[in-house]
Structures are given as structure tokens and as C-alpha cells.
Amino acid sequence: MKVSKAPKSVPHKDHYARISYLFQASSHLALNPQYDVLSRHYARTLDLVAKKTVLKLTPALKRQLCKKCNTFLIPGLTVKIHIENLSKAKSLRNDVLVNECLECGEKKRFPVGQQRDYVLFSEKEDVKIPAL
Amino acid sequence: MSGSNKNGTNKNGGLEKGSSVPPKKEATGSLKDMERKRRQVFKPVLDNPFTQSSLWPFVEPEIAGTIVDSLSAILSGLGSYNRTVQEAARLDKGSKQTPPEPEIKQHITIGFNSTVEALEKQASIHRHRLTTKKHKPGKQGRYLKYVFVTKYDITPAVLTNHFPVLAFTASSSTENKVKLVQLPRGSMAKLSEVLHMENTGILGFEAHIKEAQFLFKYVDEHIKDVEVPWLDGLFDPDNGDFFSKPALSFLSTSAPILPKKNDQKAKKKQATTLEPPKPTEDNKKQKPDS
């Protein structure tokens with residue numbers, strides 16, 4: 001069977017590098033109360049660059065930033081996590097994972113009970129090939 | 001909308017690399033869609049630089065087995081208490097003759113919400129330090145030192161992904177870190193049976209429980225602390241210079257083969273090949289009409 005190979009180089013690698021840098025800078029500054037605004041600013045720049053240049057980022061990266069206020073979300077420090085079940089029968093199907101940003105109160109909800117075997121597209125087997 | 005079926009076709013698509021017509025991934029049902037050819041493409045995707053290596057401390061299978069066994073031994077007392085309470089509640093609601101509550105119940109947390117809440121409360125010391133806003137640190141009532149998670153029995157993975165970082169931030173100092181222990185597949189069923197509670201997959205223990213001292217010693221000896229390199233600055237402000245390369249990779253997916261829009265070359269070709277006969281046909285057609 002023919003196996004086609006992944007391309008050798010990534011187009012516009014500098015954009016990806018910039019985003020990765022901004023992400024880490026944002027996380028670094030998130031640990032310093034003096035620079036929390038700067039941390040959010042970097043995260044916002046990251047988001048804008050990714051949109052403008054149409055890059056694909058994995059959910060693992062995007063979910064670490066608040067959609068509303070761009071806070072860097074660290075469990076225990078800037079985000080509150082709990083499971084909510086609003087159904088009367090408390091059936092497992094209606095479990096919802098809620099991530100609440102402690103900075104602005106934005107809630108991100110994951111209806112985990114609806115499809116227990118759900119796997120993210122980026123975490124499926126044999127899908128990802130590391131770029132050189 | 002069957003998940004398993006979807007996965008199956010995807011796998012096939014991955015295997016038949018190079019063939020020009022991998023099976024359609026998400027069939028909408030229409031024949032036109034089924035006919036449309038797809039080709040394999042590689043899309044670059046940027047991953048989170050922090051989640052590249054697994055943050056969960058490694059547990060050897062044999063060690064995990066003994067941990068599960070001793071956990072069920074420790075919790076058996078609480079389990080029998082739970083059973084008698086449940087039976088009493090089911091048989092008749094009037095009598096409130098329940099056995100005395102085991103002491104251990106006060107010092108452990110069972111389940112996702114109570115464990116995560118306790119850990120977040122522990123982490124609030126750091127949160128207090130990190131925010132400029134006025135924020136009251138939670139009362140330090142309890143300190144969960146050992147957290148057991150049946151990682152492989154809990155799906156989807158979003159439910160357990162945050163535990164390493166949460167255990168790290170909930171630690172009071174580098175010496176007194178919260179121990180996070182992942183338990184092997186099938187241990188959720190065992191724990192649920194022992195405790196007489198459905199779907200028990202997450203347990204938190206305080207450090208001073210007498211019955212569990214041997215287990216804690218065993219865990220301390222055999223399982224490493226949680227390491228989160230990018231959060232090291234939390235305990236030691238000078239030690240916060242973690243940097244990793246952009247985590248780039250390719251996703252192998254498929255894209256439909258569509259005719260190009262606004263393809264000037266193709267249009268010109270068509271025009272040159274089709275133009276000569278066209279007028280004659282038109283003329284022929286027009287003649288009988290007129």
C-alpha cells in the first residue's frame with residue numbers, strides 16, 4: 001500500500017512560533033500579580049494573530065484561555081471546575097462539566113455525559129504526525 | 001450519529017493513505033456527497049507546549065494492584081456502613097436506627113465535585129497571593145494529601161485532564177505536595193463495590209488517617225510527586241524560566257476534491273477547444289428556427 005508522507009516543512013512557521021511564544025509568555029506572567037493585565041494582553045494578541053493568519057490550534061491550547069477575558073486558566077488558581085447535573089433524575093447522561101473563570105465569571109460547559117466515548121480530533125490515534 | 005462507526009471509517013481513512021478515494025468521513029447521506037472524491041491532506045496544527053509530556057506520575061501495574069487492594073481494605077468499614085444505611089432507608093423510613101458513622105468518613109472525600117472543591121480550597125492560598133483583587137483565602141479546614149483517580153475508567157478525558165495541575169497548585173509547599181495516584185483500568189468497579197456507591201472513581205485522603213498509614217507510606221515510597229515544570233515559579237519565583245519549542249505537528253485528514261473556482265487557465269483551455277465548433281452549431285440551430 002502506498003503511504004504518502006507528510007510534508008517536510010510547515011508553511012508560515014513564524015506565525016506558529018509567535019503564538020507558542022505568546023502563550024508561554026502569558027502563562028509566565030499569569031503567575032505574577034503585577035503583570036496580570038499584560039498576561040491577558042498577550043493571550044488576546046495570540047487569539048487575534050491566530051484568527052488573522054487562519055492557523056489551526058488544538059483544543060488543548062485554546063481551552064487554556066478564557067474566551068471572554070483572555071485570562072490564562074490554571075486549575076485551582078484562575079478556574080473553578082465542577083460537574084453539574086440539572087436533570088431531575090440525576091441521570092449520568094446529563095452530566096455537564098463546567099469550567100468557570102474566576103476573573104470574569106465566564107462559564108464554559110462541556111456536556112460530557114452525552115457521548116462518553118468522545119475523543120477530540122487531535123487526540124485520535126494515528127492522526128498526528130510530528131513536524132520536523 | 002454512532003460514535004463507533006465514525007471512528008471506524010476514520011481509521012480506514014488513515015490506513016488507506018495515498019489512495020485517492022478514502023471513504024467519506026462524515027456522510028450527510030446524499031448521493032452527491034458520497035460520490036465526491038476526497039484526497040488525503042496534512043494540516044499543520046499547533047499544540048499546547050505544556051501538555052506535550054504526560055504530567056501524571058507513573059505507577060507500575062503491580063504497585064497499582066496493591067494500592068487498590070489496600071484501598072478496598074481501608075474503605076470496607078465505610079462500605080458496610082453505607083450498605084446498612086441504604087438498606088435501612090429502603091426497608092422503612094420511620095426508624096432512624098443507623099450505626100455510628102465511621103470516623104474515616106470525615107477525613108476523606110469521595111467523588112469528583114467534593115474532591116475538586118477541597119483541592120481548590122487548598123489552592124486558594126496561592127490564589128490569594130496571585131490576585132491583586134481583594135479576595136479572602138478559604139479557611140484551611142482540611143488538607144487532602146493523597147488523591148486517587150481511576151483515570152482509565154473515567155471518560156471522556158476532559159474530566160481528568162486538570163488533576164495534575166490542580167494537585168500541584170493545591171500543594172502548600174514543595175515538600176508537602178499532594179500525591180496524585182492514577183489507578184488502573186477496572187479499579188472503579190472494585191472501589192464502587194467496596195463502598196456500595198455507584199461510579200466511585202475519585203478519592204481524596206487527609207494525611208492523618210490512622211487506618212491508612214501503611215498505604216500512605218507505600219505511596220510515598222513508590223510514587224513520585226507531580227511535576228509541572230511551567231508552574232515551578234509558583235513556589236520559587238526565581239525558578240520560572242521554562243520554555244519549550246512550538247509543538248507543531250501535522251494532522252492527517254481528508255479534504256474533498258472540488259473543481260477550482262476562478263481557474264483562469266482552465267477557462268482559457270475550455271474556451272480555445274470549444275470555441276470553433278460552437279458558432280457552427282449555433283448557426284445550424286438558428287437556421288431551422290429562423
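The values are calculated or read from the model by the stated rules, or taken from the named source; none is laboratory data. What you are looking at is a predicted structure, and each value in this text was computed from that prediction instead of being measured. In this analysis, Cβ positions are derived from the backbone assuming ideal geometry, glycine residues included, and neighbour counts consider all displayed protein chains. What goes into the accessible areas is simple: the full protein's heavy atoms, side chains included, and nothing from ligands, DNA or RNA. Shrake-Rupley method; radii C 1.70, N 1.55, O 1.52, S 1.80 Å.
Taking amide H as placed 1.01 Å from N in the peptide plane, the amide H of A:Leu65 sits under 5 Å from that of A:Leu73, each at least 5 places away or on another chain. Contact residues in the stretch B:36-78 (at least 20 Å² less accessible area with all protein chains than alone, 1.4 Å probe): B:Phe42, B:Lys43, B:Pro44, B:Val45, B:Leu46, B:Asp47, B:Asn48, B:Pro49, B:Phe50.
Close amide H partners of B:Arg39, meaning residues 5 or more places away or on another chain with modelled amide H under 5 Å apart, are B:Ala255, B:Ile257. Cross-link pairs exceeding 27 Å between alpha carbons, from the set A:Lys5/A:Lys56; B:Lys151/B:Lys224; A:Lys51/B:Lys265: A:Lys51/B:Lys265. Bridgeable aspartates and glutamates around A:Lys67 (alpha carbons under 13 Å apart, same-chain partners fewer than 8 residues away excluded): A:Asp47, A:Glu100, A:Glu103, A:Glu106. Considering chain A as a Gaussian network with a 10 Å cut-off on Cα pairs, which listed residue, A:Ala30, A:Ala60, A:Ala89, attains the greatest mean-square fluctuation? Of the options given, A:Ala89 has the highest mean-square fluctuation.
At a probe of 1.4 Å, how much accessible area disappears from chains B and A on forming the pair, both sides counted, to the nearest 100 Å²?
For B against A, buried area totals roughly 5000 Å².
Going through the cross-link list A:Lys13/B:Lys267; A:Lys124/B:Lys245; A:Lys13/B:Lys32, which pairs have a Cα-Cα distance over 27 Å in this structure?
Values: A:Lys13/B:Lys267 34 Å; A:Lys124/B:Lys245 23 Å; A:Lys13/B:Lys32 37 Å.
Long pairs (Cα-Cα over 27 Å): A:Lys13/B:Lys267; A:Lys13/B:Lys32.
Averaged over peptide A:116-128, the number of partner chain Cβ atoms lying within 10 Å of each residue's Cβ comes to 5.
Rounded to the nearest whole Hz, the Karplus-based 3J(HN,Hα) values (6.51 cos²θ - 1.76 cosθ + 1.60, θ = phi - 60°) of the stretch B:61-69 follow the sequence x, 5, 4, 4, x, 5, 5, 4, 4, with x at glycine and proline.
Return one whole number: the accessible area per residue of the stretch B:61-234 in Å², for a 1.4 Å probe.
Details: 8840 Å² over 174 residues.
Counting only protein heavy atoms, the per-residue value for the stretch B:61-234 is 51 Å².
Within the same chain, aspartates and glutamates fewer than 8 places from A:Lys107 are excluded, and of the rest, those with a Cα less than 17 Å from its Cα are A:Glu84, A:Asp95, B:Glu117, B:Glu120. For chain A, the mean residue ellipticity at 222 nm estimated from helices alone is -9500 deg cm²/dmol, where every DSSP H run of n ≥ 4 contributes -39500 (n - 2.57) and the total is divided by all residues, rounded to the nearest 500.
Per 0.36 nm of contour for each residue apart, how much would the distance between B:Glu227 and B:Phe243 grow if the chain were fully extended, relative to their Cα-Cα spacing?
Working: separation 16, 0.36 × 16 = 5.76 nm, distance 1.52 nm.
Going from the current span to full extension adds 4.2 nm.
Residues of the stretch A:19-49 whose accessible area (probe 1.4 Å, heavy atoms of protein chains only) drops by at least 10 Å² once all protein chains are present, relative to their chain alone: A:Ser20, A:Tyr21, A:Phe23, A:Gln24, A:Ser27, A:His28, A:Ala30, A:Leu31, A:Pro33, A:Asp36. Listed by chain and number, the aspartates and glutamates placed with their C-alpha closer than 20 angstrom to that of A:Lys52 are A:Asp14, B:Asp47; residues fewer than eight positions away on the same chain are left out. Bin width 5 Å, origin at 0, all Cα-Cα pairs of the stretch A:13-116: what percent of pairs per bin? Percent of Cα pairs in each bin: 2, 13, 20, 20, 15, 12, 9, 5, 3, 1, 0. Solvent-accessible surface of the stretch A:13-116, taken per residue with a 1.4 Å probe and all protein chains present: 53 Å². The H on the amide N of B:Lys145, modeled in the peptide plane, is under 5 Å from the matching H of B:Phe205, B:Glu206, B:Ala207, each at least 5 residues off or on a different chain. When its C-alpha radius of gyration is set against 2.2 N^0.38 Å (N residues), the stretch B:61-234 gives a value of 1.11.
Of all the accessible heavy-atom surface of the stretch A:13-116, with the other protein chains kept in place and a 1.4 Å probe, what percent is carbon and sulfur? Please report the intermediate quantities before stating the final value.
On the way: 2890 of 5460 Å².
Ligands and nucleic acids excluded, carbon and sulfur reach 53 percent.
Per residue in the stretch B:154-171, which ones lose no less than 40 Å² of accessible surface when going from chain alone to all protein chains (1.4 Å probe)? Buried-area filter returns B:Thr155, B:Pro156, B:Val158, B:Leu159, B:His162.
Ranked by the mean number of other Cβ atoms within 10 Å of their residues, highest first, the peptides B:151-157, B:52-58, B:118-124 fall in the order B:118-124, B:151-157, B:52-58.
Largest GNM mean-square fluctuation across A:Leu92, A:Leu65, A:Leu38, computed for chain A with C-alpha springs under 10 Å, falls on A:Leu92.
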